[in-house]
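Below is one structure, written out as structure tokens, with a few remarks after it.
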Amino acid sequence: MSKELRQANWQLLLFGLFKIPLIGFCRPKIIELTEDKIVVRIRLRRRTKNHLNSLYFGAFAIGADLSGGFHAFWLGKKEKRNISLAFKSLQADFLKRAEDDVYFVSEAGKSIREMFDKSVETGERQTENIPISAFTGYPNNSEKVADFLIGLSIKDKGRT
């Protein structure tokens, strides 16, 4: 695990402990983090299961939230931007029950960086739907269990 990935997981842990405890309750882990892609894992266990022994809807929402939101946060921090981040919408298509750990994959880094630039140009908040896919058995035996479109809204308040 790279130093940058360890730092990102440390930031995620602290964020879950002090800012949004429900995230901490699910104990997500960032598996991959690059300029263009993020992969977040939420383990299927007692805390994240529903009555059907599959991943609970709320845990799915947390995984989708982090895939778009943490990636934007991390990119903003890396580019020394002072961003305000919010979610405007969430659309979900559940394809099958997730009866194993779930990996949330977003490859929207380029779109997020373009949102930063548009926000600087216009001085206004930019909102875009970010696609996120959820898989079990990732990466070797991947089986898609859900698709999300999350309305990510960003305002760049200038360089820090």
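Taking a straight Cα-Cα cut-off under 24 Å and skipping sequence neighbours fewer than 8 places away in the same chain, the lysines within cross-link reach of Lys77 are Lys3, Lys19, Lys29, Lys37, Lys88, Lys110, Lys118, Lys155, Lys157.
Note on the chain: helix-only mean residue ellipticity at 222 nm, from DSSP H runs of 4+ residues weighted -39500 (n - 2.57) and normalised by residue number, equals -12000 deg cm²/dmol. Couplings for segment 32-45, taken from phi via the Karplus curve 6.51 cos²θ - 1.76 cosθ + 1.60 with θ = phi - 60°, read 9, 8, 10, 4, 10, 9, 9, 10, 10, 10, 10, 6, 7, 8 Hz in order; Gly and Pro are left as x. Between the listed residues Leu13, Thr34, Tyr138, the Cα displaced farthest toward the positive end of the dipole of the chain, a dipole computed from Cβ unit charges relative to the Cα centre, is found at Leu13.
Going by neighbour counts of Cβ atoms within 10 Å, the residues Thr127, Thr48 line up, fewest first, as Thr127, Thr48. With neighbours defined as other Cβ atoms within 10 Å of a residue's Cβ, the residues Val120, Val40 order from fewest to most as Val120, Val40.
The GluC sites (Glu not before Pro) of segment 1-71 that DSSP puts in a loop, and whose beta carbon has at most 14 other beta carbons within 10 Å, are Glu35. Restriction of the trypsin sites (Lys or Arg not before Pro) in segment 39-90 to DSSP coil positions whose beta-carbon has at most 13 other beta-carbons within 10 angstrom yields Arg45, Arg46, Arg47, Lys80. What is the fewest-to-most order of Phe25, Phe104 by other Cβ atoms lying within 10 Å of their Cβ? The most exposed by this proxy come first: Phe25, Phe104.
Every number in this text was worked out from the coordinates using simple rules, so none of it is lab data. Remember, it's a predicted structure, so these values are computed and weren't measured experimentally. FYI the Cβ positions are ideal-geometry reconstructions off the backbone, even for glycines, and counts take in every protein chain you see.
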